[in-house]
Amino acid sequence: MPGPVLVAGNVKTNTTACQSSKSSRSAGETSTPDTMALVSADSRIAELLTELHQLIKQTQEERSRSEHNLVNIQKTHERMQTENKISPYYRTKLRGLYTTAKADAEAECNILRKALDKIAEIKSLLEERRIAAKIAGLYNDSEPPRKTMRRGVLMTLLQQSAMTLPLWIGKPGDKPPPLCGAIPASGDYVAKPGDKVAARVKAVDGDEQWILAEVVSYSHATNKYEVDDIDEEGKERHTLSRRRIIPLPQWKANPETDPEALFQKEQLVLALYPQTTCFYRALIHTPPQRPQDDYSVLFEDTSYADGYSPPLNVAQRYVVACKEPKKK
C-alpha cells in the first residue's frame, strides 16, 4: 500500500548560478552595487540549495519511518480477507494504524511544503539575479546576451518556462489564488520587472497584435508599463497602459483538485501560437486532464472551412482570458 506522495517540480540549477558572473570589465575595476547584489544573491542561493537538500533528506527519512506502519496496514487487511471477518480487534487496530498513517502523511506534507517554499525562493532569486545581470551588462555561459540568442534557443527557453511553472498545491479548503491557471490578477495587481505578460502593441503594418513581452518597469504616476518584446527579431520597447497588459499565470492549476481554476471547453482565450511569440484568439477544445497536460485549443483561422485550426497543444503558462467577443 503506497504512502501519500506530493510531487514538486524540479528546480534546474547549474554551478554557474552560484558563481560570480563573468564580466568584460578590467580586473582592477571597483565593484559596483549591481555586482555586489549579484554576489549576495549567489550566496543566498547557495544557502537555500543547502537547506533544500536537507529538506529532501528529511522527506526521505520521514517516508522510510512511516513505511513500517503502511506495511502493517496492508498485512492487517490481508489477514481480515483471509479470515473473512472484521472483528472488534481488527477494527481497533486499523483505527490506530490509520491515525498514525494520517499523522505521518501530514508530517511529510509539511516538509514538502517547506521544500516548495525554498524552490520558489530560489527561482525568485535566480530571476532577480538575471535582471540585475542584464542591467549591469553581465552574463554567464548558460545565459548569453539576448543579441546572440538564436530563435531556436528562445523557443526552447519558452518551453522550459512552461514546464517549470509551479503547480499550485494548497492546503485542504484553500482556494487557488489570482494568477493560478485561468484565475486573473486582482484589479490592483502590478506586474514586477522581469515578469512575462501578453502585451497588445501596434505592428509595423499598423494592425494591433498580442505579443509575449517582459516587464521592464511600471510608472504609478502614469499607470503605464514599459515592456520589451521577448522576440529579439522584433526587439522593441513599448510604453503601454494597464489595459493593454495581461499578466501570465504564475502557477499551473491542478485539474484533479482545482478544475474551476481552468478555462473550460469552448471558452474564448488568447493562446501563444506554437513556435511563435504571438498570442491569437482561440477556443478551448479540451482542458488539461492531469497536472502535466496542456490545453488543446482551436485557433481562429479563416483558411479552414469552419474558421478554426485543427487542435493544437498550448501550455497553461501561455493561455490567458480574451475579453473580446467571440466571432459569429
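Laboratory data are not the source of any read-out in this text; all were calculated from the coordinates shown. Here the structure is a predicted model, which is why all the values come from computation and not from measurement. Every residue, glycine as well, gets a Cβ built from its backbone with ideal geometry; the counts of neighbours run over all protein chains shown.
Do any trypsin sites (Lys or Arg not before Pro) in the stretch 34-86 lie in a loop, going by DSSP, with at most 11 other beta-carbon atoms within 10 Å of their beta carbon, and if so which?
Lys85
Counting pairs of Cα atoms in the stretch 259-321, how many percent are more than 19 Å apart? Intermediate results must be reported in sequence, preceding the final value.
Details: 425 of 1953 pairs.
Distances greater than 19 Å cover 22 percent of the Cα pairs.
State, to one decimal in nm, how far the label point of Tyr90 lies from the label point of Glu47, with both points 7 Å from Cα in the Cβ direction.
Each label point lies 7 Å from its Cα, and together they span 5.5 nm.
With a cap of 15 neighbouring Cβ atoms within 10 Å, and only residues DSSP puts in a loop, list the GluC sites (Glu not before Pro) found in the stretch 235-285.
Working: sites: Glu236, Glu256, Glu260, Glu266; in loops: Glu236, Glu256, Glu266.
In loop regions of the stretch 235-285 (DSSP not H, G, I, E or B), the sparsely surrounded GluC sites (Glu not before Pro) are Glu236, Glu256, Glu266.
Relative contact order for the stretch 33-136: what percent, with Cα pairs under 8 Å and sequence separation of 6 or more?
57 percent
In whole angstrom, how far apart do the alpha carbon centroids of the stretch 42-72 and the stretch 256-328 sit?
Their Cα centres are 38 Å away from one another.
What aspartates and glutamates could a cross-link reach from Lys57, if we take a straight Cα to Cα line under 12 Å and drop same-chain neighbours fewer than 8 places away?
Glu108
For the stretch 33-136, what is the charge dipole size about the Cα centre, in debye to the nearest 20, if Lys and Arg each add +1 at the Cβ and Asp and Glu each add -1 at the Cβ?
Details: 18 positive and 16 negative charges, 118 e Å.
Its charge dipole is roughly 560 debye.
What are the extents of the Cα atoms of the stretch 33-136 along their three principal axes, listed from largest to smallest and rounded to whole Å?
Taking the Cα atoms of the stretch 33-136, the three principal extents are 73, 17, 17 Å.
Going through the cross-link list Lys202/Lys265; Lys192/Lys323; Lys75/Lys171; Lys114/Lys192; Lys265/Lys323, which pairs have a Cα-Cα distance over 19 Å in this structure?
The answer is Lys202/Lys265; Lys192/Lys323; Lys75/Lys171; Lys114/Lys192.
If you wrap a convex hull around the Cα atoms of the stretch 162-222, how much volume per residue is inside, in Å³?
So the per-residue Cα hull volume is 142 Å³.
Projected onto the charge dipole of the stretch 259-321 (+1 at Lys/Arg Cβ, -1 at Asp/Glu Cβ, origin at the Cα centre), which of Pro311, Ala321, Leu283 gives the Cα projection farthest towards the positive end?
Result: Ala321.
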